[in-house]
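Each remark here refers to the structure printed beneath this line.
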Amino acid sequence: MEDLRRIMELDSLWTLWFWITHVAAWSITSHFTLGVPFDMVVQANREKNENGPWTLHCDAMIRASVFRIVTVFSRFGLAIVAIWSFILGSVLTFAVWYDNEFALALLTLFVPLTAIYTLSALRAFKMDRADLTPEDRRKALRGLRFWIQIIGILAIFGAAAAAIYTYIKDVVPFA
């Protein structure tokens, strides 16, 4: 029973839920680049005909996602940035000033996701301003996905480093 309680804890960098959340966050973020499933991009790239169904649907989905992101950030970008900055600052304060392990765990997830969504919004604005062909849009998505995966890998290493740091700080006695 004690082992089950330890697995279900939510306040630790060592729980199963923390790592499940990290794996789910990075796999979903990497798969849905700008809201477009990456398997759709792969199928569109495999088509021989530029007017094939995968290409047409993929291009429509990319254009719709870019339009949605640009519209939302054009209307509410300042409010989104202000609210998210307050949340991120509050979590950072709890993690550093109050030495809260749960806040540190949230920080290992929120900071990389902030970088990814900032990068995605910038890419969407860039794609909106440029006159791109469907192939160029898919290429831009592939490049964005590459950087999302790099950030995700670094985030997992950062979370592991934070977990090791808290373990050393809490368990290993210093002379």
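Taken together, the residues in segment 131-148 that are within 21 Å of PHE38 (Cβ to Cβ) and surrounded by fewer than 18 Cβ atoms within 10 Å (Cβ to Cβ) amount to 9. Quick one: would you say PHE67 is within 18 Å of the chain's Cα centre (by Cα), within 14 Å of PHE125 (Cβ to Cβ), assigned to a helix (DSSP H, G or I) and of a type outside the set (Ser, Thr, Tyr)? No, not satisfied. Number of residues in segment 74-114 that are in contact with a helix residue (DSSP H, G or I) (Cβ under 6 Å, 6 or more places away or on another chain) and surrounded by fewer than 15 Cβ atoms within 10 Å (Cβ to Cβ) equals 0.
Conditions (1) among the acidic types (Asp, Glu); (2) over 30 Å from ALA44 (Cβ atoms); (3) part of a helix (DSSP H, G or I), marked per residue:
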position: THR118; (1), (2), (3): no, no, yes
position: LYS126; (1), (2), (3): no, no, yes
position: ASP131; (1), (2), (3): yes, no, no
position: ARG138; (1), (2), (3): no, no, yes
position: TRP147; (1), (2), (3): no, no, yes
position: ILE150; (1), (2), (3): no, no, yes
position: ALA162; (1), (2), (3): no, yes, yes
position: LYS169; (1), (2), (3): no, yes, yes
position: PHE174; (1), (2), (3): no, yes, no
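Per this entry, THR93 is counted among residues that are farther than 23 Å from LEU16 by Cβ, assigned to a helix (DSSP H, G or I), of a type in the set (S, T, N, Q) and over 20 Å from the mean Cα position of the chain (by Cα). Considering the conditions (1) surrounded by 15 or more Cβ atoms within 10 Å (Cβ to Cβ); (2) at pLDDT below 95, ILE151 is excluded by exactly one of them, (2). Tell me, which residue of segment 5-23 that is of a type in the set (A, V, I, L, M) and at pLDDT 65 or above is surrounded by the fewest Cβ atoms within 10 Å (Cβ to Cβ)? Across segment 5-23, the extreme among qualifying residues is ILE20.
The values are calculated or read from the model by the stated rules, or taken from the named source; none is laboratory data. Please read these numbers as outputs of a predicted model, since none were measured by experiment. Note that we place each Cβ from the backbone using ideal geometry, even for glycine, and neighbour counts take in every protein chain shown.
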